[in-house]
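Accompanying notes for the structure given below.
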Amino acid sequence: MTAPATTRTPRRTPAERARDLALIATFAALTAACALTSVAFSAVPVPVTLQTFAVLLAGAVLGPWRGTAAIGLYLAVGAAGLPVFAGGTGGLASFAGPSGGYLMAFPFAALVVGLAVRAAGRRGPLGTGVAVAVGVTAATALTYAVGVPVLAARTAMDAAAAWTFNWGFVPFDAVKAALVVVAAPAVLRAFPMLRGARAPRALAPEIAAA
Amino acid sequence: MSRVRVATPLGLHIPGTSVVHRAPAGLKLALLAALGTVVAFVREPLPALGLLGFVAATWLLARLPLRALRQVRGVAVLLVALGAFRWWAAGPGAAVGMVAGLSAVVLAAAVVTATTPTDEIVAVLVRGLRALARVPLLGRVVVPESFALAVALVLRTVPTLLDVAQGARDAARARGVRGPRAWLLPTLLRTVGHAVRTGEAIHARGLLDTARTS
């Protein structure tokens, strides 16, 4: 890999790059651990796991780029055949199934939460909490916006029926999103270095200049 | 050099010597993508059953044991629920067409996963990332060589985090506190702490530098 070095963009130091890689891999692993921790609710035929909690948390805590990378890595590890998806499943079957659209929306959900937190800038715990709340709401809406049409297309249901099916998950998603709103500001306050992150080199100039 | 050896009892790969096992990973993934595209346009029960029969023949050709089916458990439950709904909404023909078509893709994906070692799929992903890295702007962000290291790190970290969560739960119980708040936040803080120490260890060993230059 020889990326042409440019003078105007600041390079991340080797120590920072190593930390970024470790954070990305650890949050991918956290998402896997959360997906394997299933909470059984008798009302729904599908096991409810903490998977989406970890997806939203990765965006809120790691920021848009590392958060997206972490969830992308999680999906790649699952696609490679390791049983890291909800309920100990894995492999390409999960992408091919009716709920594959939700999986594919996850990196973008993390991106949206990360962008919302970054746009809010450095604020107190309350301000950060509000930014996270806005971010997780938008990200969950985005996940539905991708997941439901894919569900409808793959099952030949009409859109209204697919949305009805989707409503069954909304209460659980709301609880998980609320957990992120509580947890993310606390993690960010405990590790201020997480917010010292700059964007990847190619996209950094305007941010670094500010 | 891009092949990372992933040795784990967790994997869904089932070793074998059949034609399906020996086919190149890239070809299998391309065929799977083609099948997924075809099924998206198939609504009638007969062609859908034909596709399912074709995939089932591949399954038999690969001589896979029944335990290879465990990776489709979650999807199977969802398919039964959706099939019942479809039967009720549009009749048996539509339900059979949908369930057979989707089962064909899901089963084909399970066959690819079961007959292809994890490190070969990772190698295909790394090749894909190399192509992405050649795109001008993306080349600065995408570093294919560190991907293999990251995958290995994920596999190592999952059991560690499950231990961390268990430890935090035990500590909360020892303090006499109940509920997720008592252990969730300590788990998350220890997780980030673990990541920071791992980053320091990677830097100290210069692992990323070798990944870059090799």
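The values are calculated or read from the model by the stated rules, or taken from the named source; none is laboratory data. A quick note: this is a predicted structure, and the numbers were derived from the prediction, not measured. Every residue, glycine as well, gets a Cβ built from its backbone with ideal geometry; the counts of neighbours run over all protein chains shown.
Just to be sure, is A:ALA156 in contact with a helix residue (DSSP H, G or I) (Cβ under 9 Å, 6 or more places away or on another chain) and under 23 Å from A:SER94 (Cβ atoms)? Break it down into steps so the answer makes sense when it comes.
Values: in contact with a helix residue (DSSP H, G or I) (Cβ under 9 Å, 6 or more places away or on another chain): yes; under 23 Å from A:SER94 (Cβ atoms): yes.
For A:ALA156, the condition - in contact with a helix residue (DSSP H, G or I) (Cβ under 9 Å, 6 or more places away or on another chain) and under 23 Å from A:SER94 (Cβ atoms) - is met.
If I filter the range B:176-191 for residues that are in contact with a Pro (Cβ under 6 Å, 6 or more places away or on another chain) and not assigned by TED's automatic domain parsing to the domain that holds B:LYS28, do I get at least one hit?
There is no residue in the range B:176-191 that is in contact with a Pro (Cβ under 6 Å, 6 or more places away or on another chain) and not assigned by TED's automatic domain parsing to the domain that holds B:LYS28.
So which of B:ALA165, B:ALA148, B:ALA108 is modelled with pLDDT of 85 or more and under 30 Å from B:ALA34 (Cβ atoms)? Step through it out loud before you land on a result.
Numbers: B:ALA165 fails: under 30 Å from B:ALA34 (Cβ atoms); B:ALA148 fails: modelled with pLDDT of 85 or more.
Every option except B:ALA108 fails the conditions.
May I ask you to verify whether B:ALA89 is over 23 Å from A:TYR74 (Cα atoms), in a helix (DSSP H, G or I) and either outside the structural domain of B:LEU31 (by TED's automatic domain parsing) or in contact with a helix residue (DSSP H, G or I) (Cβ under 6 Å, 6 or more places away or on another chain) (or both)?
no
Being part of a helix (DSSP H, G or I), assigned by TED's automatic domain parsing to the domain that holds B:ALA25, closer than 16 Å to B:ALA25 by Cα and in contact with a Leu (Cβ under 9 Å, 6 or more places away or on another chain) narrows it down to one residue among B:VAL72, B:VAL112, B:VAL106; which is it?
Working: B:VAL72 fails: closer than 16 Å to B:ALA25 by Cα; B:VAL106 fails: closer than 16 Å to B:ALA25 by Cα.
None of the other options fit; the residue is B:VAL112.
Mind counting the residues in the range A:10-58 that are modelled with pLDDT under 70 and within 8 Å of chain B (Cβ to nearest Cβ)?
3
Please count how many residues of the range A:124-144 are surrounded by fewer than 16 Cβ atoms within 10 Å (Cβ to Cβ) and under 21 Å from A:GLN51 (Cα atoms).
2
Which of the residues that make up the range B:152-207 are surrounded by 12 or more Cβ atoms within 10 Å (Cβ to Cβ) and among the β-branched types (Val, Ile, Thr)?
B:VAL154, B:THR157, B:VAL158, B:THR160, B:VAL164, B:THR187, B:THR191, B:VAL192, B:VAL196, B:THR198, B:ILE202 - these are the residues of the range B:152-207 that are surrounded by 12 or more Cβ atoms within 10 Å (Cβ to Cβ) and among the β-branched types (Val, Ile, Thr).
Just checking, does the range A:119-138 include any residue being under 30 Å from A:ARG12 (Cβ atoms), more than 10 Å from chain B (Cβ to nearest Cβ) and among the hydroxyl-bearing types (Ser, Thr, Tyr)?
Checked against the condition, which is being under 30 Å from A:ARG12 (Cβ atoms), more than 10 Å from chain B (Cβ to nearest Cβ) and among the hydroxyl-bearing types (Ser, Thr, Tyr), the range A:119-138 yields at least one hit.
Is there a residue in the range A:101-118 that is surrounded by 20 or more Cβ atoms within 10 Å (Cβ to Cβ), under 27 Å from B:VAL80 (Cα atoms), at pLDDT below 85 and in contact with a Ser or Thr (Cβ under 6 Å, 6 or more places away or on another chain)?
Within the range A:101-118, not a single residue is surrounded by 20 or more Cβ atoms within 10 Å (Cβ to Cβ), under 27 Å from B:VAL80 (Cα atoms), at pLDDT below 85 and in contact with a Ser or Thr (Cβ under 6 Å, 6 or more places away or on another chain).
On the basis of being more than 24 Å from B:PRO186 (Cβ to Cβ) and either under 20 Å from the mean Cα position of the chain (by Cα) or modelled with pLDDT of 85 or more (or both), does A:VAL130 make the cut?
Against the criterion (more than 24 Å from B:PRO186 (Cβ to Cβ) and either under 20 Å from the mean Cα position of the chain (by Cα) or modelled with pLDDT of 85 or more (or both)), A:VAL130 qualifies.
Go through the range A:145-165 and report how many residues are without any contact (Cβ under 8 Å) to a residue 40 or more places away in the chain, more than 19 Å from B:ALA95 (Cβ to Cβ) and buried (at least 17 other Cβ atoms within 10 Å of the Cβ).
Total meeting the criteria: 0.
In the range B:20-29, how many are more than 16 Å from A:ALA76 (Cα to Cα) and of a type in the set (A, V, I, L, M, F, W, C)?
Our first condition is that a residue be more than 16 Å from A:ALA76 (Cα to Cα); within the range B:20-29, this holds for B:20-24, B:27-28.
From what's left, of a type in the set (A, V, I, L, M, F, W, C): B:20, B:23, B:27.
Qualifying residue count for the region: 3.
Could you tell me which numbered condition B:VAL105 fails, if it satisfies all but one of (1) over 21 Å from the mean Cα position of the chain (by Cα); (2) buried (at least 21 other Cβ atoms within 10 Å of the Cβ)?
(1)
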